[in-house]
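The values are calculated or read from the model by the stated rules, or taken from the named source; none is laboratory data. This one's a predicted model, so the numbers in the text were calculated from it and none came from an experiment. Every residue, glycine as well, gets a Cβ built from its backbone with ideal geometry; the counts of neighbours run over all protein chains shown.
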Amino acid sequence: MTKTGQDHLDSLRDGRSVYLDGQLVGDVVDHPAYRNAIRSTAALYDFQAAPENQELMTFESPTGARVNRCWQMPESYEELVQRRLALEAWAEQTNGFLGRSPDHVASSLCGMMMRLDLFQAHGEKRAEALRDYFEYVRDNDRFVTYVVVSPQADRSKGVAEQADEFLAAGICDEDSQGITVKGAKMLGTSCIMANEVLLGTIQPLQPGEEKYAFSASIPLGAKGVKLLSRKSYEAAAVSEFDNPLSYRYDENDAIVYFDEVKVPWERVFVHRDPAMCRAQYHETPAHVFHNYQAQVRLMVKLRFLVGMARKIAETTNVLIYPQVVESLGSLAGQAGLIEGMVHGMEAKGTYVGKYYVPDRHLMYASQVQAQQMYPEVIQAIRQLTGGGVIMLPSGAADFTSSETAGYIEKTQQSPVVNSKDRVKLFKLAWDAIGSEFGSRHTQYEMFYAGAQFAVRNHSYRTYDWEKATGLVDRFMDSYDLPE
């Protein structure tokens, strides 16, 4: 049967160790810091399980299980588009505000499986472990997230040069049963509401850093896994009316500490090999595939933000001003750019073996644009809202108080909507652009793919420079000094 929301809620009651405000949380499913975001995630599974969405959202895996299309490895352009329509429909359920939804790392694992031969060259046992694991998480539609970045600490030094040998997660012991992992990783986005965490490193490693050069998957309820939660924006949300995005979509981020966690060999995919740590992402389609998913999600999110900007302009009746129309036109152009890039990645895709994957360079080019674009979009919406997002009622209770309701009616006016709907829209806008939740999203979109220089280096590395410079050479060869 297709996985449902209740299935997911039940799967999270696994005794995981989550710490918030200095205390062990206990059952995260019903905790006020996480319960709404967890249910927003569960709603994704209910959406896919609805009879009318089965064909759109799911496919039959090779073993006969009906699972989300995020586990589908497309063998044609048409299948890639079909898969993207499912990713897009899921993103629309959260308006793109679940940055690491279950289809993100699933896409990464699909990319790794497309080059299983690389893992076989690394070691047949490691390849077998990856293949078996992939079939398990696919057929059980497990929510897998990842932690692949080391704590910042002294950024002038490598992981092996830090004051604490096991600041970054490393192999502290191993035997015939598996490896033992000790140390921390970040950014554990969605770890609190996921089933499994893929532990590894996406940052370059050097010779001598082999103990950190591994990749493995660990259930988040495993003994010794400690999730150190950041502040919960959901817990700080006054109400759904006042903080509609924070209230529903605070996927949370956590530092994950592995306190001598035993990982069996059948869950270890890369072992003490810096080159293979890099290859699993960049010599397979993994990095392209999971970042392509992120661009699909961002496409939906920008569509939502641009729609919100238009409604703000309508509510304050400023569409009569040419400069406002110009601003909205610019926003529409930015949203259209990302949408066009997504379609371009698909149309210009290539085959990796029998699998059809998005174009690598267009994906990186889209990320370059997105990193600098997102703060510009937020700034443009700030300019449209002006002081309107500041001078709002303190809370939903102001509408029901006999002392304040009349004044709210008088001071929160619009020529096109009533006072409640005006406040509702501007509260939503502030949660998207100015609250702690909104500010976190700006930071997230700027850095989830890495620092700007890293993303731009990927773009540089994958561009067809020979073709570009060849045009210049051909033209220059067509003339010379006058005789």
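Here region 29-57 is the region considered, the condition is being in contact (Cβ under 8 Å) with a residue 24 or more places away in the chain and more than 21 Å from the chain's Cα centre (by Cα), and the residue that is surrounded by the fewest Cβ atoms within 10 Å (Cβ to Cβ) is P32. The numbered conditions (1) part of a helix (DSSP H, G or I); (2) modelled with pLDDT under 95 are all true for E88 except (2).
Going by the conditions given, is L130 assigned by TED's automatic domain parsing to the domain that holds A169, of a type in the set (A, V, I, L, M, F, W, C) and over 18 Å from the mean Cα position of the chain (by Cα)? Against the criterion (assigned by TED's automatic domain parsing to the domain that holds A169, of a type in the set (A, V, I, L, M, F, W, C) and over 18 Å from the mean Cα position of the chain (by Cα)), L130 qualifies. In region 455-483, the residues that are in the same structural domain as Y292 (by TED's automatic domain parsing) form Cβ pairs under 6 Å with partners that are among the β-branched types (V, I, T), at six or more places apart or across chains, as follows: V455/V368; R456/V368; S459/V368.
Checking each residue in region 282-306 for being more than 16 Å from the chain's Cα centre (by Cα) and not hydrophobic (A, V, I, L, M, F, W, C) picks out H282, E283, T284, P285, R303. No other residue among S239, S246 is of a type in the set (G, A, S), part of a loop (DSSP other than H, G, I, E, B) and under 30 Å from M308 (Cβ atoms) apart from S239. A129 falls short on exactly one of the conditions (1) aliphatic (A, V, I, L, M); (2) crowded, with 24+ Cβ neighbours inside 10 Å; (3) in contact (Cβ under 8 Å) with a residue 60 or more places away in the chain; (4) in contact with a Lys or Arg (Cβ under 9 Å, 6 or more places away or on another chain), and that condition is (2). For G224, the conditions (1) at pLDDT 95 or above; (2) touching a helix residue (DSSP H, G or I) at 6+ places or on another chain (Cβ under 9 Å); (3) on the phi > 0 side of the Ramachandran plot are fulfilled apart from (2).
On the stretch given as region 415-429, residues that are within 14 Å of L384 (Cβ to Cβ) and more than 33 Å from the chain's Cα centre (by Cα) total 0.
Quick check on region 456-472. Is at least one of its residues more than 24 Å from Q334 (Cα to Cα), among the hydroxyl-bearing types (S, T, Y) and modelled with pLDDT of 95 or more? The answer is yes, given that some residue of region 456-472 is more than 24 Å from Q334 (Cα to Cα), among the hydroxyl-bearing types (S, T, Y) and modelled with pLDDT of 95 or more. Summed over region 233-267, residues that are farther than 28 Å from I179 by Cα, surrounded by 22 or more Cβ atoms within 10 Å (Cβ to Cβ) and hydrophobic (A, V, I, L, M, F, W, C) total 2. Of everything listed in (1) part of a helix (DSSP H, G or I); (2) surrounded by 11 or more Cβ atoms within 10 Å (Cβ to Cβ); (3) of a type in the set (G, A, S), the single unmet condition for A468 is (2). Within region 192-216, the residues that satisfy the criterion of being of a type in the set (S, T, Y) and more than 18 Å from the chain's Cα centre (by Cα) are Y212, S215. Only a single item in (1) under 30 Å from V148 (Cβ atoms); (2) among the hydroxyl-bearing types (S, T, Y); (3) crowded, with 19+ Cβ neighbours inside 10 Å is not met by T385, and it is number (1).
When we screen H282, H343, H287 for residues that are under 30 Å from V81 (Cα atoms) and in contact with a helix residue (DSSP H, G or I) (Cβ under 6 Å, 6 or more places away or on another chain), the only hit is H287. Residues that are in a helix (DSSP H, G or I) and under 20 Å from the mean Cα position of the chain (by Cα) were ranked within region 446-458; the one that is surrounded by the most Cβ atoms within 10 Å (Cβ to Cβ) is H458.
Within the option set L98, L56, L116, L80, being under 18 Å from F269 (Cβ atoms), at pLDDT 95 or above and in contact with a helix residue (DSSP H, G or I) (Cβ under 7 Å, 6 or more places away or on another chain) holds for one residue only, L116.
The set of residues in region 127-176 being aliphatic (A, V, I, L, M) and within 21 Å of T189 (Cβ to Cβ) consists of V137, V144, V147, V148, V149, A153, V159, L167, A168, A169. Selection over region 219-232 of residues that are under 17 Å from A168 (Cα atoms) and surrounded by fewer than 21 Cβ atoms within 10 Å (Cβ to Cβ) gives a count of 3. Screening Q443 on (1) closer than 30 Å to L362 by Cβ; (2) surrounded by 21 or more Cβ atoms within 10 Å (Cβ to Cβ) shows it passes everything except condition (2).
Within region 249-354, which helices (runs of 4 or more DSSP H) (wholly inside it) include 3 or more residues that are outside the structural domain of V137 (by TED's automatic domain parsing) and farther than 28 Å from W71 by Cα? Because the criterion is at least 3 residues that are outside the structural domain of V137 (by TED's automatic domain parsing) and farther than 28 Å from W71 by Cα, the helices (runs of 4 or more DSSP H) in region 249-354 that meet it are 286-315, 322-347. Those strands (runs of 3 or more DSSP E) of region 14-77 in which 2 or more residues are in contact with a Lys or Arg (Cβ under 7 Å, 6 or more places away or on another chain) occupy 17-20, 58-60.
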